[in-house]
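The values are calculated or read from the model by the stated rules, or taken from the named source; none is laboratory data. The structure presented is a predicted model; accordingly, all values stated were derived computationally and were not measured. Cβ sites come from the backbone with ideal geometry, for glycine too, and all protein chains shown count toward neighbours.
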Amino acid sequence: MLTFVIKRLASLVPVFLVVSMIIFMIIHLVPGDPIDSIVQIGSTPEQKAELTAKYGLDKPLIVQYGIWLAKLATGDLGEAIILRQPVSTLIAQNLPHSLILGTLALVFSTIVGIAAGAVAAIWKDGFVDRAVMGIILLGSTVPSFWLGLLMILLFAVQLGWFPVSGARSWSALVLPVLTIGFGGVALVARVTRVAMIDIARRDFVMMLHAKGVPAWRIQLQHILRHALLPVVTILSLRIGWILGGAVTIEYVFARPGLGSLLITSLNQRDYPVVQGCLLMLAIAVMLGTLIGDIVQAAMDPRVRERMS
Amino acid sequence: MTIKSDLISKVLRNPRGGVSAVVLLVVIICAVFAPLIAPYAYDVQALRNANLDPSWTNWMGTDEFGRDLFSRIIYGARTSLSVAVTAISISVAVGMSIGAAAGYFGGMFDRVVTAAVDLTWSFPEILIALILIAIIGPGLNSTMIAISIAYLAQFTRLTRAQVMALKNETYVEATANLGAGHTHIIFRHLLPNALTPVIVAGMLATGDAIILEATLGFFGLGAQPPTPSWGAMMSSGTAQIFIAPWIIIFPGLAIAITVIAINLFGDAVIEALDIRNRLRDS
C-alpha cells in the first residue's frame, strides 16, 4: 500500500511540472510586456529597467521559471498588483473558506447521492425511482450558478431563512453546499443506481435469496457494499469537478475563497494573483484525485495492482 | 438513405426524442431568425422603462437599462448556439485528427498524446477554460477557443479508442494487403466507422459547452456588453435581484430548457443507434 502511495505521488511530479509551467507562462503569453502590468503609468524608462531587473524579467525564460519555482517552494508567490499584498497572504486568507465549502459539498454529495441511488435501485421503476431519475437529469443539465441564484431568490430573498451572501456565519454555508451538492448528488446517485441494479442480477444474489436471507439484508449488506466500488471510482475521477463547482458557486454567493479571488483578479488582470489561485486549484485537483485513488486502492486490491 | 430516414423516425417516435427535437428546432429558429422574431432591438436602452415587470408589452419584463428581456433572450440563443456549436465542431475535428493518428500509428506520437490527454483528464473543463482565458484574455472569441481546447481531450480519447478497436479488424487488414495506403485506410475505413460515437458525444458536449459559455459570461469573462448572452444577462441581474428577479430567472430557464433538450435528444439518438457501450468503454 505504501509503495502504491509513493508511486502515485511520484507520478504527479511531471504533471505538476507541466501544469506549473503553463501557469508560469501566463504572464509572458499575455499580450504586451509583462513589466507594463507591474509599473505605474508615467514611470521613467530607468524605473522600468530597475523593476525589470528586480523581477528578473531580463533573464532567459527557463531561468525565470526556475527562480519562480524556487520561490514557490518557500511560499513566495509574488505580490498582488492591485491589492498590494503578498499573494501567499491572500491565498492563506481565502483557502480555508474554499476547503470547508469543497469538503462539505463532497460529503453531502456522497452521502445523499448513495442514499438516493440506493432507494431508487431498491424500488426500481417506482415513484421514488422516477423522482430520483428526474433529479439526476436536472442535476446534470441545469447550470449550477443559475440554481444558486434561484436558491438565493427563494430561501434568502423571499423567505429570509439564510443570508444572501458572504461567509459570516455557518448558516451562510447551507445554500452554497446544497447548490454544489445538487450536481454531485446527481452523479453519485446515477452510478449507485446503475451499479446496484446490475449487481442485483448476479448469481450470488439469487443464491442469497434462495438461502432465505432477508431481502433488506441482501440489499444493504451485499448489493450496496459491492456497488460502493464504482461509486468511489467515479468520485475519484470527478473530484476535480466538485472542486470546480466550488469555484463558480463561491462567486455566485460572493463568498471569500479561491474561486472568487480568481474571478475577481481575472477581471482586474491582476496576474500574480491569477497565477497563485490557478496553481492552488490545480494542486487541489491533483491531491483530490490522489486521495480518491488511495481510497479506491485501499478498498480493492485489484486496483492497487492495475495502477501501480 | 433508408438507414438515415429509419434512424430519424426511430428518434422522433421516441416520445423524449420527439419533444426534445421540437424544442431544439424552436431554439435554432430563434437563433437564426432572431431579428424577425424579437419584438424589439436587443441594444436599445430606455432608462425610464428600467426593471419593468413582465407584461403584455414586455413578456419577460425589462432589464436595468430598460431593454426588452424577451428580445435579448431570443438574440442570446444566437450567441449561445453559435459559440457552443463552433467550439465543439473545432474540438471534434481536431480531436478526431489527433486521436485517429495516435490510435493508428501508435509509437512515440501516441505516447505523447496519451500523456497529454491523461494530464487534462482530471481537470474540470471550467479550470482549463479559466487558465486559457487568463492567457488569451476575456471575450467571445477567447471563450470559443477555451471551450474547444477544454473538450479536446474527450474527443481525442474517444476517437483513439475507436480506431484502436477497428484497426485490427480483418477487413482493414485485407484492405492493407490489397495495397491501400495509410490515408486511404484512415479516411475511407476507420474514420467513417468511428464517426458516429464521436458525433453523438459532440452533440452531448454541445449542451455542456452552452453551460460553460454561460458560466464564463456570468463571470464577465465571455461576451462583453452589449452582446446579448444568457450568462452575462444573469450576471447583470444579480445587482437587481431584490427588485427584478426575472432578469435572472428567464435567461437561466432558456439555458436549462435548451440543455435538457440537447441531452434528451442525444439520449434518444444513442438508444436508436444502440451505441451506449461504444461511448462508455472509452
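From the list B:SER89, B:SER80, the lone residue that is away from every other protein chain (no Cβ under 13 Å) and in contact with a helix residue (DSSP H, G or I) (Cβ under 8 Å, 6 or more places away or on another chain) is B:SER89.
Take A:ALA284 and tell me if it is in contact (Cβ under 8 Å) with a residue 12 or more places away in the chain and under 23 Å from B:ILE135 (Cβ atoms). So A:ALA284 fits the description; yes. On inspection, B:GLN154 qualifies as within 14 Å of chain A (Cβ to nearest Cβ) and in contact (Cβ under 8 Å) with a residue 40 or more places away in the chain.
Just for segment B:223-282: of the residues that are farther than 19 Å from B:ARG78 by Cβ and among the hydroxyl-bearing types (Ser, Thr, Tyr), which one is farthest from the other protein chains (Cβ to nearest Cβ)? Applying the filter and picking the extreme gives B:SER282.
On the stretch given as segment B:225-282, residues that are assigned to a loop (DSSP other than H, G, I, E, B) and in contact with a strand residue (DSSP E or B) (Cβ under 9 Å, 6 or more places away or on another chain) total 1. Quick check: anything in segment A:120-127 within 14 Å of another protein chain (Cβ to nearest Cβ) and crowded, with 18+ Cβ neighbours inside 10 Å? No, segment A:120-127 has no match at all. Scanning segment A:246-276 for residues that are among the aliphatic types (A, V, I, L, M), under 27 Å from A:THR74 (Cβ atoms) and within 9 Å of chain B (Cβ to nearest Cβ) turns up A:VAL247, A:LEU262, A:LEU266, A:VAL274.
Annotation note: Cβ proximity below 7 Å between a residue of segment A:140-165 that is within 22 Å of A:VAL188 (Cα to Cα) and a residue that is among the basic types (Lys, Arg) and outside any loop (DSSP other than H, G, I, E, B) (sequence gap 6+ or interchain) occurs for no pair. Checked against the criterion of being under 28 Å from A:VAL232 (Cα atoms) and part of a helix (DSSP H, G or I), the candidates A:LEU266, A:LEU279 yield just one match: A:LEU279.
Filtering segment A:8-25 to residues that are over 20 Å from the mean Cα position of the chain (by Cα), of a type in the set (A, V, I, L, M, F, W, C) and at the interface with chain B (Cβ under 10 Å from one of its Cβ atoms) leaves only A:MET25. Within segment B:129-143, being crowded, with 22+ Cβ neighbours inside 10 Å and more than 8 Å from chain A (Cβ to nearest Cβ) holds for B:ALA129, B:THR143. Among the residues of segment A:72-89, those that are assigned to a helix (DSSP H, G or I) and either within 19 Å of the chain's Cα centre (by Cα) or farther than 20 Å from A:PRO256 by Cβ (or both) comprise A:LEU72, A:ALA73. What's the total number of residues in segment B:177-199 that are exposed (fewer than 15 other Cβ atoms within 10 Å of the Cβ) and either in contact with a strand residue (DSSP E or B) (Cβ under 9 Å, 6 or more places away or on another chain) or among the polar types (S, T, N, Q) (or both)? Adding up the residues that qualify gives 2.
Those helices (runs of 4 or more DSSP H) of segment B:1-101 in which at least 1 residues are surrounded by 16 or more Cβ atoms within 10 Å (Cβ to Cβ) and in contact with a Gly (Cβ under 7 Å, 6 or more places away or on another chain), considering only elements entirely within it, cover B:2-13. Limited to segment B:10-52, what total is found for residues that are out of contact with any helix residue (DSSP H, G or I) (no Cβ under 7 Å at 6 or more places or on another chain), modelled with pLDDT under 80, more than 13 Å from B:SER71 (Cα to Cα) and not basic (Lys, Arg)? Qualifying residue count, segment B:10-52: 5. Here the condition is being in a helix (DSSP H, G or I), surrounded by fewer than 22 Cβ atoms within 10 Å (Cβ to Cβ) and away from chain B (no Cβ under 14 Å); of A:LEU137, A:LEU153, A:LEU178, it holds for A:LEU178 alone.
Scanning segment A:107-134 for residues that are among the charged types (D, E, K, R) and in a helix (DSSP H, G or I) yields a total of 2. Comparison of B:GLY207, B:GLY202, B:GLY220 shows that the only residue that is touching a residue at least 12 places away in the same chain (Cβ under 8 Å), outside any helix (DSSP H, G or I) and crowded, with 18+ Cβ neighbours inside 10 Å is B:GLY220. From the list A:LEU237, A:LEU220, A:LEU228, the one residue that fits, being out of contact with any Pro (no Cβ under 8 Å at 6 or more places or on another chain), in a helix (DSSP H, G or I) and within 9 Å of chain B (Cβ to nearest Cβ), is A:LEU237. Checking each residue in segment A:156-170 for being in a helix (DSSP H, G or I) and within 14 Å of another protein chain (Cβ to nearest Cβ) picks out A:ALA156, A:VAL157, A:GLN158.
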